[in-house]
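*Asks:* This is the structure I have questions about; it appears just below.
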Amino acid sequence: MDEKGFRKFLREGKRVPKGLSEGVIRGHVKIAKEFEAFIKSGSARRRFDDADWRDARGFLKVLTESKRNTWDNMIGLLRYSRFADNKEVELELLIILDGGDVLGKLLDVAKDELGARRFGSLFSGFVPPPLGTPPEEMPDVTVDFMKRLQEGTDTETSRAILLTGVHAGPAEYYEDEKKMLRESKDIDEYLAKRRQKLIDLLEKHMIEGTRFYTQAIDKKALDFVRDNPEVAGGVRRGLYIYQMKIPYMMIEYLREKDPTKRRYYACHCPLARDSIMSGTKIPPDFCYCSAGYEKKPFEVAFGAPVKTTVLKSVLWGDDVCRFKMRIPEKYRKPKAKKVKTKRR
């Protein structure tokens with residue numbers, strides 16, 4: 001293992017946050033060394049450069065069994081895969097980490113909303129999957145969660161819990177949305193800025209050969225976003241903003257002819273995606289969890305609740321996920337232009 005090179009990579013802060021502490025760096029180096037030793041312990045005695053997604057899963061299983069499947073260890077492995085430029089291991093770790101704590105956070109929201117006694121009666125014995133659980137094991141757990149939620153609540157309450165956007169991150173992530181809206185003459189200009197920001201980001205990933213979350217970007221993927229304004233930031237029609245979810249893996253999505261596989265490549269949800277291929281039936285309302293993710297930036301920008309409806313979902317058999325968001329009252333009219341008055 002090139003420990004010196006890995007430490008330098010972590011300190012430079014190019015593909016990791018700047019200012020990592022020495023303690024965090026030591027932890028990353030330690031878990032990377034363990035992964036290297038795990039790979040070498042096999043009969044082939046390979047190096048990390050030769051590791052694949054199966055090695056990543058095998059090591060995560062070891063961490064889970066020893067109760068060391070922490071976010072710090074997972075992130076350390078992810079950063080080491082980036083340093084070593086092992087794209088297959090990086091992708092596998094990204095897929096497994098994506099939304100790994102969503103069910104746990106939804107349970108917290110449900111407990112706050114329903115109260116401890118009612119929550120306890122609905123979710124007694126339910127244990128969210130541990131961090132590092134393979135994607136194919138997620139749909140059955142998700143079905144169990146949804147059945148309990150829907151049997152114990154009405155539609156409005158269950159949707160409200162799902163719509164909290166627990167996986168969208170804290171409001172601070174979207175402060176730039178407030179700024180864009182404040183500096184725009186109206187909603188349409190704000191949405192145009194959102195579109196351009198996403199297009200610029202995707203183009204940067206394409207040029208640098210880096211991933212946009214879990215996916216690579218090529219010219220066709222970039223053009224797809226450019227040509228679909230609803231994908232790139234949303235489009236206002238009357239009192240509503242319409243937004244389509246950007247496909248999870250656009251390159252594969254655009255190439256695929258089989259409708260089932262195409263829907264699989266479109267789906268972002270780590271808790272339900274594998275159900276498309278396995279045939280597991282996820283309760284349709286679970287897609288309101290995705291709607292919660294989509295509305296979060298708008299609620300931060302507007303500083304007000306945004307009523308959101310799921311119009312289409314790949315889990316329902318559609319080829320895209322599409323949402324409708326009602327613009328809050330105070331933003332439905334164009335901003336009034338400031339009129340300068342002459343001094344007399």
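The values are calculated or read from the model by the stated rules, or taken from the named source; none is laboratory data. What you see is a predicted model, and the numbers here were worked out from it, not measured in a lab. Neighbour counts are summed over all protein chains in view; Cβ atoms, including those assigned to glycine, are modelled from backbone coordinates with ideal geometry. Just so you know, the surface numbers come from the protein's heavy atoms only, side chains and all, with ligands and any DNA or RNA stripped out. Shrake-Rupley method; radii C 1.70, N 1.55, O 1.52, S 1.80 Å.
*Asks:* Test of understanding: what is the full-extension gain from Thr309 to Thr157, defined as 0.36 nm times their sequence separation minus their Cα-Cα distance? Could you put the intermediate results ahead of the total?
*Replies:* On the way: separation 152, 0.36 × 152 = 54.72 nm, distance 1.43 nm.
Taking 0.36 nm per residue and subtracting the Cα distance, the gain is 53.3 nm.
*Asks:* Quick one: work out Rg over Rh on the C-alpha atoms of the chain, Rh as Kirkwood radius.
*Replies:* When Rh is taken as the Kirkwood radius, the ratio is 1.00.
*Asks:* Can I ask one more? On a 0 to 90 degree scale, rounded to 10, what angle separates helix 22-40 from the longest Cα axis of the chain?
*Replies:* 50 degrees
*Asks:* Determine the distance separating the Cα centre of the range 258-316 from the Cα centre of the range 133-180; give it in Å without decimals.
*Replies:* Going from one Cα centre to the other spans 10 Å.
*Asks:* Percent of accessible area on the chain owned by carbon and sulfur, 1.4 Å probe? Mind dumping the intermediate values first?
*Replies:* On the way: 9450 of 18570 Å².
Of all accessible area on the chain, carbon and sulfur atoms account for 51 percent.
*Asks:* Given N residues in the range 48-95, what is Rg(Cα) / (2.2 N^0.38 Å)? Intermediate values should be presented prior to the final figure.
*Replies:* Numbers: Rg = 10.0 Å, N = 48, 2.2 N^0.38 = 9.6 Å.
Rounded to two decimals, the normalised Rg is 1.04.
*Asks:* In addition: How much length is gained if the chain between Lys67 and Glu175 is pulled fully straight, taking 0.36 nm per residue apart and subtracting their Cα-Cα distance, in nm to one decimal? Before the final figure, lay out the partial values.
*Replies:* On the way: separation 108, 0.36 × 108 = 38.88 nm, distance 3.61 nm.
In short, 35.3 nm is gained.
*Asks:* Shifting gears a bit: Can you tell me how the range 196-344 classifies by the Cα gyration tensor, rounded, prolate or oblate, using a/c under 1.5 as the rounded cut? All intermediate terms of the calculation are to be shown ahead of the outcome.
*Replies:* Values: a/c = 2.84, a/b = 1.58, b/c = 1.79.
Oblate, since a/c reaches 1.5 and b/c is not below a/b.
*Asks:* Using the Cα centre of the chain as the reference point, and only Cβ charges (+1 on K/R, -1 on D/E), how large is the resulting charge dipole? Debye, rounded to the nearest 20. The partial results should precede the final answer.
*Replies:* Details: 69 positive and 53 negative charges, 420 e Å.
About 2020 debye.
*Asks:* Suppose a student asked you for the relative contact order of the range 17-112, using Cα pairs under 8 Å spaced at least 6 residues apart; what percent would you report?
*Replies:* Details: 60 pairs, mean separation 28.9, N = 96.
Here the relative contact order equals 30 percent.
*Asks:* Continuing with this model, one more query. Determine the calculated [θ] at 222 nm for the chain from helices alone, applying -39500 (n - 2.57) to every DSSP H run no shorter than 4 residues and normalising by the residue count; nearest 500 deg cm²/dmol. Could you put the intermediate results ahead of the total?
*Replies:* Values: 16 runs with 181 residues, N = 344.
Counting only the DSSP helices, I get -16000 deg cm²/dmol.
*Asks:* Additional query: So which aspartates and glutamates pass the test for Lys330, namely a Cα distance under 12 Å, with those fewer than 8 places away in the same chain ruled out?
*Replies:* Of all the aspartates and glutamates, those that pass the test against Lys330 - Cα under 12 Å, at least 8 places apart if same chain - are Asp186.
*Asks:* Enter the angle in degrees (range 0 to 90, nearest 10) between the Cα long axis of helix 138-152 and the first principal axis of the Cα atoms of the chain, meaning the one along which they spread out most.
*Replies:* Roughly 50 degrees between the two axes.
*Asks:* Further question: What span do the alpha-carbon atoms of the range 98-163 cover on each of the three principal axes, reported in whole Å from largest to smallest?
*Replies:* Projected onto the principal axes, the Cα atoms of the range 98-163 cover 30, 21, 17 Å.
*Asks:* Can you tell me the dipole magnitude for the range 192-238 around its Cα centre, using point charges on the Cβ only (Lys, Arg +1; Asp, Glu -1), in Debye to the nearest 20?
*Replies:* Working: 11 positive and 7 negative charges, 58 e Å.
Around 280 debye, computed over the range 192-238.
*Asks:* How do the peptides 264-273, 295-304, 197-206, 129-138 rank, highest first, by the average count of neighbouring beta carbon atoms within 10 Å per residue?
*Replies:* Numbers: 264-273: 24.0, 295-304: 20.9, 197-206: 15.2, 129-138: 17.2.
Per-residue mean Cβ counts within 10 Å order the peptides as 264-273, 295-304, 129-138, 197-206.
*Asks:* Answer rounded, prolate or oblate for the range 154-203, using the Cα gyration tensor with square roots of eigenvalues a ≥ b ≥ c: rounded when a/c is under 1.5, else prolate when a/b is larger than b/c, else oblate. Each step should come with its number before you reach the end.
*Replies:* Working: a/c = 2.39, a/b = 1.96, b/c = 1.22.
In terms of gyration-tensor shape, prolate.
*Asks:* I need the shape label for the range 63-184. Rule: rounded when a/c is under 1.5, else prolate if a/b > b/c, else oblate, with a, b, c from the alpha carbon gyration tensor. Mind dumping the intermediate values first?
*Replies:* Numbers: a/c = 2.47, a/b = 1.22, b/c = 2.03.
It is oblate, given that a/c is not under 1.5 and a/b is not larger than b/c.
*Asks:* How large is the Kirkwood hydrodynamic radius of the range 21-115, counting all unique pairs of alpha carbons, in Å?
*Replies:* Numbers: mean 1/r = 0.0695 Å⁻¹.
For the range 21-115, the Kirkwood estimate is 14.4 Å.
*Asks:* Let me ask something additional. Where only protein heavy atoms count, and the probe is 1.4 Å, what is the accessible area per residue for the chain in Å²? Numbers along the way, then the final one.
*Replies:* Values: 18570 Å² over 344 residues.
The answer is 54 Å² per residue.
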